[in-house]
Every structure is written in structure tokens, then in C-alpha cells.
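This report concerns only the one structure given below.
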Amino acid sequence: MLKSQSLNSKKRRRIQSWSLCVSDLLSFMFSVVIASFLTITTATNLNVIGLLVLLWFLWMGFVMKRYTRRTSLWDELHYTLQGIMTLALIHLALFKIFHQQINIAWWITTWFFIGTLIHLLRQLTKRILLKLHVWQIPTIIIGDGENAKNACLALKSEKMAGFEVQGFISKSHLNGSRVEAPVAGIPLLCMSDQGCSVNAFAEFHSVIALESNESNEIESWVRQLTLAGSNDILVIPSLPSLPLYGMEIKHFFTHEALMIRLHNNLAYCSSNVLKRYFDIIVSTLLLILLSPLFAFLILKITRDSGPAIFGHIRIGQNRKPFKCLKFRTMVCNAEHILTELLDTDAEARTEWEQCYKLKNDPRITFFGNLLRKTSLDELPQLWNVLKGEMSLVGPRPVIKDELELYGNDVDYYLMAKPGMTGIWQISGRNNVDYNTRVKMDSWYVKNWSLWSDIVILLKTIPIVFCKKGAY
């Protein structure tokens, strides 16, 4: 059955909100002190800083409701950085408006530490509250199908959001028949169970995640939960194929009609220009910074005879073929060895036909295996990015024969430039089956944003160092 709460929901929320407020206040105070110490500047106009702090709490607390609503780590970081940058510009504008002198070094240092400390202290605060079992929000998911399963896995993947899923609620098993819970280890409760009623979980965070053919039940659940006093109701509709990022929901004042406006960001010229400039700047910086590593790897590989870099034909944006560059990780007669292996080993042939990769590939050299596990073999693709054939983030570059495996989703693949990294790389890399990889690539194209590119790049770093799913 559902666990009882040691603290009632109102008291729990007050502790959570005030803890985050105190955390942010300390971040502002420490930042001013640290900046003054580092720049040897006496902090002046503290009344202006106080006004900006007040604006911060009004905006984050009452307008954006960031002290009460839960979101993912990366979304919170996004909103926080937007707010910090806006306040920093307002701060600078106030000095100009009132013709006051400003120490630029102090201003830059102050706002740099504010942006850094707010994020770090918030995470520390949440971890402390988690340890004290105060940050968790007891959550129940209404539904027992695939949508409910995905909702649960999504909530559990964001540990710092604090959603503690305690059970799935179902109305469909009233005849004594039982099915397994969508996620192992979390109970599936039926509304006919003793003690299981809407009133019993009214104080829980309710997530309605029904299937598309059960949409008519959503209104009934919302009504029951509202009458029971529930004030936190989330609805996760089953919309697996629609672009979700930037989706706008509109309603008509006098009619029960919901209108959803979808955005295909990559269809806008401005988005493509922004993505291209981001690729050029980052790839140029990385090529300069990693040039000593390039020189070392080229020297090491050429000692094994043969060229250090080779290009394999892949299909790019709008079906345009290009040479995808990589450091050579295979023996020079790799094609001959592959042909012999596929002719003599049926198991290897089946594996190759499924994903065009071999887990135990006899063509790979000892040093090449190390390069693959660390993904260093893909560094030459920075040149592909600089040339405009690839992007830093995008769908996995594929050969011509693989396009057939994409089915209808091939249109999404061809809309974007292939990427050095992408959704599938941060979700298990080669441990992800091919169909899932295709869905991930399509999802990326449909939901592109510059922020998602930045997040994927940052999440790629630990994945590469952990060598997860690489071969």
C-alpha cells in the first residue's frame, strides 16, 4: 500500500521553498563578498544589489514559481542562467542610467559567482533535504500501460526533482485478474483494493498517464482528484510522435477545444544559422586546443603502418554523401577480413545485418580498441563539422544501406546534419537497439534547440570517460 508521510504536504512544501530561498540569498551574499575580495574593490551601491535580489525572488518565486514547481536539472539550469543574465544586464543598465561608475571586473566576477553558486548551493540544499527525506514528493501514477511506464522512468531519471513514485493506480482490473506493474518494484494498485480510494492519495502528487484510447477517462480522474482536495495534478498525454519542445497550448475561452501549436525549430532559417555558428565556434576552439593530442595520435597510429585518418562514405543532410573522418582503428585489409568473416560466421552476419556493427570485431587493432572505447577515433570529425558536412550534435551518421532501416523516419534523419554525438550516445550508445536509436534520432530533429545541443554535449563527456556502451 502507499506509504504514509512523516510531514504533511503543506509543511513539507514550506520547508522546501524556504530552503531554496535561503540558498539563493546566500549565493548573492557570498558572490558579492568573493568578488570584492578578488578584485580588491569595496562593494558599493548595495541598495541596487538588494533591489535586484528582490526582483529575483519576485520573478523566480511568484512569476516562474521555481521554488514550488519541480523540473529537471537541465531545465532548472536553463531558467536560472536566463534569469541571472537578465539581472546582470539590468544591473549594468542601472549604472548607465544613473551615470554611476562601475568596476567592470567586479561586475563580471560578481555575476559569474552568482550564476555558479546559485546552481551549486541549490543542488547541495536538495541533497541535504533528500538525506533528511524532506525533498521527496510522494507521487502516484494513474495508468498501467506503456505511457505510465515511460512517465515513471522519466520521473525516476531526474532524482534531484524529488518525485518518489509509490505506485500505479488502475481501474481496469476489477474482475480479480492481475497484470504485472509497468515498472518492477513499484506496486500496481487497483481501485477495488481495500484502502485504495481517491481520498487515500489526495495529498500525493498525482500524474495522470493514460493511454491514447483512455483519454476520455482523464476528465473523470481530474474531477475526482480535485474534489478530494488534490492540488498537484500533472497530465502526461500519450503523444509519442509529436514535437514537444516549445509546444504552445492554447484554449478557446467559450469552447472546450484545446489547440496545440507545434514548432519545427530546424525548419527556421534563424535556427540553422544559430546552430551553424555554434558549430563553427566550438569546433574551431576544440581543433586548436586538441592539436597536441591530434599530433600524438597521428604519430602513434602511423607507426602501425598505413594512414592515420580515413574517410568512410556516409549519407548527410538532404542525402548528400560525404567522407566521415575517423582515426584508423582497423588493420589495413579490414574489408577483406570482414567479407571472410561474414561468409563463414552466420552469427556475425546476423549481428552485422541488424546494426552494421560487431561487438567482437577482429579487424580492430589493440590501440584502435582503446581509441573506440574512449571515442577518440571520432575527433577528426571536428573537421567535418567545420566544413559544414556534420554538426557537433545530430543524428548518428549512417551508410546508404542503413537508410532503409529508418522507414518513415528517414525524412527526419535527412532534415539535419549528422552529429558527432547525439541522444543515442548519452542513452547507452551501442547498448541501445537499432529501432530505439532511430526513434531517438527522430526525436532530436523534431525537438531541436540550442540548449538541447549544449546539454547533450555536456552529458557526452562523462559517458565517454565511463566508456559506457562503446565498442
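Each value in this text was obtained by applying a stated rule to the coordinates, not by laboratory testing. Bear in mind the structure is a predicted one, so any value in this text is a computation, not a measurement. All Cβ positions, even for glycine, are placed from backbone atoms using ideal geometry, and neighbour counts span all protein chains on display.
Just a few scattered comments:
- Distance histogram for the range 137-238 (every C-alpha pair counted, 5 angstrom bins, percent rounded to whole numbers): 2, 13, 26, 27, 21, 9, 1, 0
- Per-residue HN-Hα couplings for the range 364-374 [Karplus 6.51, -1.76, 1.60; θ = phi - 60°; Hz; x = Gly/Pro]: 7, 6, 4, 5, x, 5, 5, 4, 5, 5, 9
- Pairwise Cα inverse-distance average, inverted: Kirkwood Rh of the chain (Å): 26.2 Å
- When only Cα pairs below 8 angstrom with a gap of at least 6 residues are kept, the chain shows a relative contact order of 11 percent.
- Percentage relative contact order, the range 1-115, counting C-alpha pairs under 8 Å, at least six apart: 39 percent
- Using 0.36 nm per residue and subtracting the Cα-Cα separation, the extra length available between GLU158 and ILE461 on full extension is 107.2 nm.
- Highest mean first, the peptides 70-83, 197-210, 278-291 sorted by other C-beta atoms within 10 Å per residue fall in the order 197-210, 70-83, 278-291.
- The range 29-73: translational diffusion in µm²/s, Stokes-Einstein, Kirkwood Rh over Cα pairs, 10 °C, 1.306 mPa s: 128 µm²/s
- Beta-bridge orientation, the chain: approximately 40 percent antiparallel, per DSSP, counting only bridges with both partners inside.
- Annotation: the residues MET60, MET420, sorted from fewest to most other C-beta atoms within 10 Å of their own C-beta, follow the order MET60, MET420.
- q = 0.11, 0.16, 0.19 Å⁻¹: log10 I(q)/I(0) that the Debye formula gives for the range 53-209, counting C-alpha atoms only: -0.60, -0.95, -1.16
- Scaling the Cα radius of gyration of the range 361-471 by the globular reference 2.2 N^0.38 Å produces a ratio of 1.05.
- Amide H within-cut-off set for LEU234, under 5 Å, with H built and near neighbours excluded: SER206, VAL207, ILE208
- 3J(HN,Hα) along the range 230-238: 6, 10, 10, 10, 10, 10, 10, x, 7 Hz, from the Karplus curve 6.51 cos²θ - 1.76 cosθ + 1.60 with θ = phi - 60°, whole Hz, x for Gly and Pro.
- If you look at the Cα atoms of the range 9-131, you get an Rg and a Dmax of 15.1, 49 Å.
- Members of LYS10/LYS149; LYS326/LYS446; LYS96/LYS446; LYS96/LYS417 lying beyond 32 Å, as alpha-carbon distances in this model show: LYS96/LYS446; LYS96/LYS417
- For chymotrypsin sites (Phe, Trp or Tyr not before Pro), the sites in the range 335-435 that DSSP calls loop and that have at most 14 other Cβ atoms within 10 Å are TYR356.
- Around the Cα centre of the chain, unit charges on the Cβ atoms of Lys, Arg, Asp and Glu (plus for the first two, minus for the last two) sum to a dipole of about 1520 debye.
- Counting only Cα atoms, the range 308-407 measures 40, 35, 20 Å along its principal axes, largest extent leading.
- Computed over the range 198-240, the ratio Rg/Rh where both radii use C-alpha atoms and Rh is Kirkwood: 0.98
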